[in-house]
Every structure is written in C-alpha cells, then in structure tokens.
1. Look through B:GLY291, B:GLY284 and report the one residue that is within 14 Å of chain A (Cβ to nearest Cβ) and either in contact (Cβ under 8 Å) with a residue 60 or more places away in the chain or of a type in the set (Lys, Arg) (or both).
2. Of the residues that sit in segment A:240-255 and are out of contact with any strand residue (DSSP E or B) (no Cβ under 7 Å at 6 or more places or on another chain) and surrounded by fewer than 23 Cβ atoms within 10 Å (Cβ to Cβ), which one is farthest from A:SER169 (Cα to Cα)?
3. Mind checking which residues of segment B:145-154 are under 19 Å from B:ILE272 (Cα atoms) and facing chain A (nearest Cβ under 9 Å)?
4. Kindly establish whether B:VAL280 is surrounded by 24 or more Cβ atoms within 10 Å (Cβ to Cβ), over 30 Å from B:TYR99 (Cα atoms) and aliphatic (A, V, I, L, M).
5. Just need a number here: residues in segment B:32-65 that are among the charged types (D, E, K, R) and surrounded by 13 or more Cβ atoms within 10 Å (Cβ to Cβ).
6. Return yes when A:ASN171 is within 23 Å of A:PHE84 (Cα to Cα) and more than 20 Å from the chain's Cα centre (by Cα) and no when it is not.
7. Select from segment A:305-326 the residues that are within 18 Å of A:THR263 (Cβ to Cβ) and modelled with pLDDT under 80 and list them in ascending order.
Amino acid sequence: MAETLFKRWNRELTMAGAGILLLLPLLGIQPKTYLTLTIAGLAMGMLLFLVASGVSIIFGLMDVLNFAHGALFAWGAYVGFTVFQLLMKWVEADSILQNLAVFLMAMVAAMVTVAILGIILERVVVRRVYGNHLFQILITFGATIVLVELIRVFWGPNDEVMTVPRTFSGNWDIMDVIVSKYRIICIFMGSMVYGIIQLILKKTKLGTIIRAGVEDRDMVQAMGHNIYLLFTGVFAVGAGLAALGGVAMSVFSLQVYPDMGGTYLLFAFIVVIIGGLGSVTGSLVGALIVGLSYNYVAYLVPWAAAGVNVLIMIIILLIRPTGLFQAGK
Amino acid sequence: MAEATPAHFHMEEKRRQYRSGSFYLKLCVVALFLLVPFLFPSFKTVDLAVQIIIFGALVASFDILLGYTGILSFGHGMFFGMGAYCMAFLIGKYGMPSYTHLVMGFVVAAAASAVLALLISFLTLRVKAIFFAMITLAIAELAIVLATKLSGLTGGEDGISFSTPGIFSVSFSMGDFMGIEITGRIITYYFILLSCLGLFLAMLRFTRSPLGRILQAIRDNAQRAEALGNKTFVYQSISITFGCVIAALIGCLYAMWMAYVNPESTLGVMTIMLDVLLMVIIGGMGTLYGGFIGAAFLKITQTFLPDLQHLAKDLFPQALLLHNILERWLLLFGILFILVVIFFPKGVIGSIKGNKQ
C-alpha cells in the first residue's frame, strides 16, 4: 500500500520534501533576511553550476574526471581580470552599456582563451590516457600544477583586486529586502546558460549525438560519427564554461589569486556527487542545494558552513550512491 | 622437477635474495642512513635525512593504496596530519611530555585513523573507485578548515608547539661518542629511522602476503577477482585502513621530530599531498622502494634549490628567464610529472625492473 503510494506520488512527494527543506531555515531566520540569503544562495548556486556543469558533461561523455578544471577556472578569471585592467575606463564609467560591453568582452576573451587551452590540454595530455581513470586523475592533476604555476609566471604570485563594473555594484531595496544587483545578474546568467545547454542537448542534432555518446560511445562511433572530434569539442566547451564561471566568480568575490581554482573545484565535485556525475540538470540542482545550504548555515552557525556541504554529500551518498539524477538527463 | 614443492620454491627464493646485488645495495643504504649523524653532523643534513626517511615511508604507505590497490586518495596527507595532531594533543596541549603519553599518542593516532579510514571506505567503495579521489579531497579540505577554524581546540593557524619527553627532548645529552655529542635529537633520529624501517618491512610483508596478492589481482581486474570468489570490498577496505594507519603513525614520528604542528605543514593538500604524489610518480607506483627514490630526489632538490638559484644568478646574471624558471621550480616538477606519467608510468624502479625481465 505504502509502496504504491510512494510510486504514484513520487514526483509530488519529492517536490514537497524539497519545499519543506527549503523553508526549514525560516524557523531561525527573519523572513526578510531569509529572502536576502536565498537570493545570495541562488546566485552562488548558479556560479557553482557554471563550474560543475563542465566537470559533469566532460565526465558524462568522455568518462574523464578532469582535475584540471579548477586551473582552467582560474585561467578564465585571470584573462577576465586582464581585460578589465586594459579597459579600466569602461569598467569605471557610469554607464550600463559600457559596463556591460566590458563584462561581455571579458567573458568572451576568457572563454575563447581557455577553450583553446582546453583543446591543447585534451589533445596533448588527456588523449593519451583515455580509459584509465587513475592515470586521468594523475595527469590532470599534473596539468593543474603546470597551469597554476604558469599563472604565477605570467601574472605574479600575489592576490589581485578585481574591480566591479560601476553600475553592477550596489543594492536594490525592494520592500525592505536588500538585493545585491550583481547577484541578480548571476542568477540570470546561470539560468541562461542552463537554458542554452538544454536547448542544444535536446533540440539539435549535435545534442542528440552527445546524449547518445553518453549512453553508448562505441555505438555512436559505429554509426559513423567522429567521437574523438566530439570529445575535443566537448572538452573545449567544458573549459569555456569553467572560464565563464571564473570571470563571474572573480567579480563576485572581488579578487583573483592563483590557487582560486582548488576551492571551487572542490565545490564542483561536491555538486556533481550530489547531482549525479554526467547530468546537467543534476549539476544545477546540486549547485543550488550547495549554494543555499551554505548561505543559510553560514548565517545561522558560521563555523559549520564548511562542513554542511560535505555532510549533505555524505547523506546523499548513503541514500543514493549515484547522485540525484541519472547521467545524460 | 621432482622437488618442486612450495617450500622448495620458498627456499630457492630466499637463496636468490641473499645472492642478488640489490639486497646488498639496500643494506648499504640502511647503513648510510645509520651513519648520517656521524658523517654529516650538521643540522641541515640530519634534517634532510629525516625528511627523506619520513616521506619515503609515507610514500610507500600511499603506494599501498595507489600501486597495490589501484585507489587514488587525496586524503593521505590528512591521515598523516591526524597522526601529527594526535601526538601534539597528547604530549603537548592536553597531556604532558611523558613516555606513557607518547605511547598513547601512537595508539590513539592508529585507532582514530583506522576508524576514519573504515568510514570513508564504507562510504565511497560502494560507488566507483574514482569517487574515492573526489570524496577524500573534500574531506581533506574539510579537515584543514576545521583545524584552522576551531582554534580553541587545535591552536588554529599558529599550530601547537610542544616538547618531547625524556631521552627525546632537545636538552637531553648522553655525553660524547666518537667525538659527537649524543643529544636528544640524535636519539630521536635513530628512533625515527628504526621505526620507519620497521613500518616499511611491515608494508613489504603486507604486499607479499596472500592478501597483498589478492589486492593486486583486484587492481588489475576487479571483475575477475570477484568472480573468483574474493570479496573485493572487504579486501580494499583492509588495504585502505592499513595504509592510512601507517600514514598516521608516520605523522606521529614527524611531529616528534618537528616538535610543532600546524594545519599547513601537516594537513595541507597542496603541500604534503603534492609532494607525495610527485614522489610516488617519480619513484614508481607499485614498488614500495620507489618511494624512497622519489623522496630523496625531491627533498634533495628542494633543499639545494636556493643554492642552485644563487649559483645561476652568479654565473648568468643576465639570464632573467632562467631565474624566473628556477623561482617557479614547481612548474618544472609539474611538467616532469606529466612526462613521467605518459612515458614512464612505472617510474624509476618500475622501469629498471621491467628492463631486467
């Protein structure tokens, strides 16, 4: 009886459970603060999604766990930082158009540079160790060392301050709820990226091939598609997403530093373990869970903030070892 | 052959062992380390020797996981640090420098690391082996954050400094022997050397036991090993726990030598783990001995790198590029790391062994 009930109402029960969990912090937080924290959490979640989705897609299609993703993320941040430095006038100008232009230029420059870096990485290093997880992790870890040291060679070993475009900083005050402008931009950007990825995966022929590749690589190759070209392309896109996340995150946290990739790579791993390796929707849900819970807990019990994500990850591993969503969904 | 019984093979193997050159080479290396305090009494060389011994043993224990079980753990540094912190707690912050507390430090470190290693392996081995790398990385980072944030408990970033008991303390002196004053430091040196030798022999025995053979079978072909009736999960858990407990014990020894622990120098993923990974790759996975070669190479280079930089500055004052590259020595090691993984996946020892066969 209970079993059929669970089966029939599975979806609704999950949604209700998630809703209750989301509202649970209201017990300890004032509603207005809660809204501010929720927006901060959503923004952080969206930024984490940008990093985690790359890890997830690359693993889903190529079966490669890319430890160098964090270093690519840092490279993106530094390229964005350079563009900001070159066009400082536009960054500091009091016009939305100029600010937006420099922000977009930073993103495009970062994505292109890091995508090229990703192609080189895939062709020169990762390609040699397909099919061997242990060596993949080792070799991408080695690539991380090299990439991070190259950042130190080119940009110096110190932390640098990232300037926020003038019109992006500051807050809106909507009915006494304080909303930071840049967080809204982040949420918007993350949703757009998610929408574009889903559109490509679900509606285009390329997306169909990629999804088929996640399910059965050999079959796709047998059907006459060049899977290795696809691998390189997906690796480049994943690297580009990491770069996008790097630029957005550096403006969010107001700084760039050579080791910044490590911290966010860790978040990305926790996200993909929660959401399920290989699933884009899973990455989004996992990222939002991590972002929201981090913000609530950081407000309620500051010292426990670092532990709560690992705790959630362990709980998910106990009840659903493969993550919330299936690969390829 | 009529006398081809297992016992006969065993004797034959033993006889061959005492005849082989590598056996005497190993004896010579041990003898060299025994003589270090008398041959090179300066603090720098003795410290270098301790670092090589400790990291060599640590890398060997890491190799049990990586080379013999096929599992990559980024939490090995955490277990090392756990041992160091247990020692610091028991003879420093929450105890006192006495022999009882010293022994208790080892026992507590072994017990705590065994429990944590079992927990982690139960959590992660149910899924895929690659999850192990991600999850241990997350837990190791969490450990660093906790050690830094809970400063009331762990001393925070400042760490804990303490003094070692009795004959191990710095102020202890036993008088001269062969013109060298036998201080507490030298006794500690021998204690660490002999302990690490003991731990290393234990690991060697472990990998050559039937259990070790099964582990290698699981590493090479997990499905086949399971089909033959071996419970892969149980064996892998045992191996992980064994490696981690040894790492914790080595951490205790390290704390005894440094008489100081802090999060960065004992727990750090990018400090300890990076070194360990470089050492195990350069020395060779799945060899145990490779750890010492990797450790010796890396530690000697790190110690004499500043001298090399000065030399380069004196010899070629104009070559700025050379200076920059020497400043960023990790870049060179990173490239070396990738090249070794691609072209010599067996490392130094593995390649020599492979050529012999």
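The values are calculated or read from the model by the stated rules, or taken from the named source; none is laboratory data. Please read these numbers as outputs of a predicted model, since none were measured by experiment. Every residue, glycine among them, receives a Cβ derived from its backbone with ideal geometry; neighbour counts consider all protein chains shown.
1. Answer to the selection: B:GLY284.
2. In this case the residue turns out to be A:SER253.
3. Within segment B:145-154, B:VAL145, B:LEU146 qualify.
4. Taking the combined requirement at face value, the residue satisfies it.
5. 2
6. Considered against the rule, which asks whether it is within 23 Å of A:PHE84 (Cα to Cα) and more than 20 Å from the chain's Cα centre (by Cα), A:ASN171 comes out as yes.
7. A:ALA305, A:ALA306 - these are the residues of segment A:305-326 that are within 18 Å of A:THR263 (Cβ to Cβ) and modelled with pLDDT under 80.
Let's see how each residue does on (1) under 30 Å from A:GLY276 (Cα atoms); (2) within 24 Å of the chain's Cα centre (by Cα); (3) within 14 Å of chain A (Cβ to nearest Cβ):
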residue: B:TYR99; (1), (2), (3): no, no, no
residue: B:ALA110; (1), (2), (3): no, yes, no
residue: B:ALA133; (1), (2), (3): yes, yes, yes
residue: B:ALA143; (1), (2), (3): yes, yes, yes
